[in-house]
1. Going highest first, how would you order 247-257, 70-80 by mean Cβ packing within 10 Å?
2. Can you compute the charge dipole magnitude of the range 32-76 about its Cα centre, using +1 on each Lys and Arg Cβ and -1 on each Asp and Glu Cβ, nothing else charged? Give it in debye, rounded to the nearest 20.
3. Cα centroids of the range 255-289 and the range 62-132: how far apart, whole angstrom?
4. Just to confirm a number: summing +1 for Lys and Arg and -1 for Asp and Glu over residues other than Gln300 whose beta-carbon lies under 15 angstrom from that of Gln300, what do you get?
5. What does the C-alpha gyration tensor say about the overall shape of the range 144-192? Classify as rounded when a/c is under 1.5, otherwise prolate if a/b is larger than b/c, or oblate.
6. About the Cα centre, and with charges only on the beta carbon of Lys, Arg (+1) and Asp, Glu (-1), how big is the dipole of the chain? Nearest 20 debye, please.
7. For Cα Rg over 2.2 N^0.38 Å, which listed value, [x] 1.15; [y] 1.42; [z] 0.97, comes from the coordinates shown?
8. Does anyone have the angle between helix 162-173 and the longest principal axis of the chain? Alpha-carbon axes, 0 to 90°, nearest 10?
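Values quoted throughout were computed directly from the atomic coordinates according to the rules given, and no laboratory measurement underlies them. Just so we're clear, the structure is a prediction, and the values are computed from it rather than from any experiment. Counting neighbours? That spans all protein chains shown, and the Cβs are built from the backbone with ideal geometry, glycine included.
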Amino acid sequence: MKSIFSGLWVLFMGLFLTNSQAQERTSPSDQPDELGKVSWYRDYETAKKLATEQQKAILVFFQEVPGCATSTGYGTTVLQHPLLVEAIEEEFIPLVIFNNQDEKDKEVLTLFKEPSWNNPVVRIVDPEGKDLVKRVAGDYTVRGLYTAMKNALNASNKVFPEYFKLAIEELEAAGSSSIKEKHFKMYCFWSGETHLGKARGVLKTEPGFMGGYEVVKVVYDENKISEKELNAHAQSARFEGIAKDKSYRIATKDNKYNLQHTNYKYLPLTALQQTKINSALGNRRAAEEYLSPKQLVWLQQLNSGATKGKALSQENFKLAWEIKLGR
């Protein structure tokens, strides 16, 4: 039975791989877990041509498909964050090479001197195939990938998009011991979120009530802004620090007040995007710079009346993104 199953699996994968090689790009809604959510090109010559035409680097992903737990895990964890995936697709020419297949994949594998049947490897190269950054191997973390992407953009003298900066800031903050929170009281938490949210290193703001005051909870990265600096920023608007007590409750209806009165509320946004956009709008500044290309298109469609908005829960950014994509 096992041999029959193995034979059927090989046959299935053979059909899939043949079909995928015939297609120009893979489809995130119908591809192996090992490939994550990225739409990959499958032909190196096509990738080189596009890289030259668009003046972009090629992000070459050498992956085992079907693969071991490490390969599958890379696709289901690292290659999942919507903004990181979009940065791969927008800022680079994404190319996947299967390291356990023959013909064209094998030729590219040999060209780059990559081993067969190996764990995930990422190479970011110029249109001629020259490495722009150190080969990413043995590092199966989100940090390893986005650091290589960031360094490659810098090496190519490319403008570093703001949405990618925000994505990196949030990814770096996830699980970090440098993340702290503090509460401030003020005359109006709408103004509180607007002022506090613009500070560098502030990741999230939340309006609430506590001890008879309107307050704002601030989540910040002390590696980017110290408590002293945050206090000074708050005091410049006459906000005072206040110790949290059991009376604290969230002012849900007033959360991101400025954002909620615009079409931005219909977009899937990360917590940091919400914070920066809400602050920019409250300060009467344009906020489009904080959006990715996909988000910007969605906003333009909403503003033009081409599509109707339906409020999205921002608590689960990835789910909201998938809903917006209609998946």
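1. In descending order of packing, they fall as 70-80, 247-257.
2. 180 debye
3. What the calculation gives is 35 Å, centre to centre.
4. +1
5. Taking the square roots of the gyration eigenvalues as a ≥ b ≥ c, the range 144-192 is oblate.
6. Around 1080 debye, computed over the chain.
7. [x]
8. Tilt relative to the chain: about 90 degrees.
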